[in-house]
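Visitor: Structure in structure tokens, see below.
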Amino acid sequence: MSESVDVPIIAPQVPQYAHPGDAGADLVSVETVLLKPGHRALVGTGVSIALPDGFVAFVVPRSGLAAKHGVTVVNAPGTVDAGYRGEIKVALLNTDPTEPYQVTAGDRIAQLIVMAIPRVQFLPVTTLPESTRGTGGFGSTGYQTGSTK
């Protein structure tokens, strides 16, 4: 089992993990918002945290909202840096072309994943070491030109 990290929080409802072993804790809305088809809104959670240095929080979509209603997080994953102390808000998008989606205060709207992030030092070089993948870009590991699938 991994060790836990204490994260000071101000919240009307502290994010909860739905199941043991879950990576994401549920964020809930503190407001009611109607998301019309194709529209987006910045939805408040009332949550403010103080992450320790070396950690980041990612705001990610809830799979049920995406699969059942086409509601997702626009900038997924949204990044909450260790130095940020403001309210975590969720940029929700209704991708459904015809049905509006009603967000009600208390609804679970996203998940918050907290991770350790190493600080890196970028080392300028003139060439990079070879790799198996090389310079293959988007879709290079399974996309076939002219495929009908």
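Visitor: For the subset of the stretch 20-65 comprising residues that are without any contact (Cβ under 8 Å) to a residue 24 or more places away in the chain and outside any loop (DSSP other than H, G, I, E, B), which member is nearest to ALA116 (Cα to Cα)?
Guide: SER63
Visitor: Follow-up. Just name the residue that is nearest to the chain's Cα centre (by Cα) out of those in the stretch 72-81 that are under 10 Å from ALA91 (Cα atoms) and assigned to a strand (DSSP E or B).
Guide: Applying the filter and picking the extreme gives GLY78.
Visitor: Take VAL5 and decide whether it is β-branched (Val, Ile, Thr), in a loop (DSSP other than H, G, I, E, B) and farther than 14 Å from GLY86 by Cβ.
Guide: When the stated conditions are applied, VAL5 passes them.
Visitor: Moving on. State all residues of the stretch 91-142 that are aliphatic (A, V, I, L, M) and surrounded by fewer than 10 Cβ atoms within 10 Å (Cβ to Cβ); if no residue qualifies, say none.
Guide: VAL120, LEU123, VAL125, LEU128
Visitor: Filter the stretch 84-99 down to the residues that are in a strand (DSSP E or B), within 17 Å of PRO15 (Cα to Cα) and of a type outside the set (D, E, K, R) and list them by number.
Guide: Residues of the stretch 84-99 in a strand (DSSP E or B): 88-94.
With within 17 Å of PRO15 (Cα to Cα) added as a condition, the list becomes 88-90.
ILE88, VAL90 - these are the residues of the stretch 84-99 that are in a strand (DSSP E or B), within 17 Å of PRO15 (Cα to Cα) and of a type outside the set (D, E, K, R).
Visitor: Please go through the stretch 51-95 and pick out each residue that is of a type in the set (D, E, K, R) and touching a strand residue (DSSP E or B) at 6+ places or on another chain (Cβ under 8 Å).
Guide: Of everything in the stretch 51-95, those that are of a type in the set (D, E, K, R) and touching a strand residue (DSSP E or B) at 6+ places or on another chain (Cβ under 8 Å) turn out to be ARG62, ASP81, ARG85, GLU87, LYS89.
Visitor: Within the set of pairs 6 or more residues apart or between chains, which connect a residue that is closer than 30 Å to LEU51 by Cβ inside the stretch 118-141 to a residue that is modelled with pLDDT of 85 or more and in a loop (DSSP other than H, G, I, E, B) with Cβ atoms less than 8 Å apart?
Guide: PRO118/GLY54; ARG119/GLY54
The values are calculated or read from the model by the stated rules, or taken from the named source; none is laboratory data. Predicted model only: the values in this text are computed from it and were never measured. Counting neighbours? That spans all protein chains shown, and the Cβs are built from the backbone with ideal geometry, glycine included.
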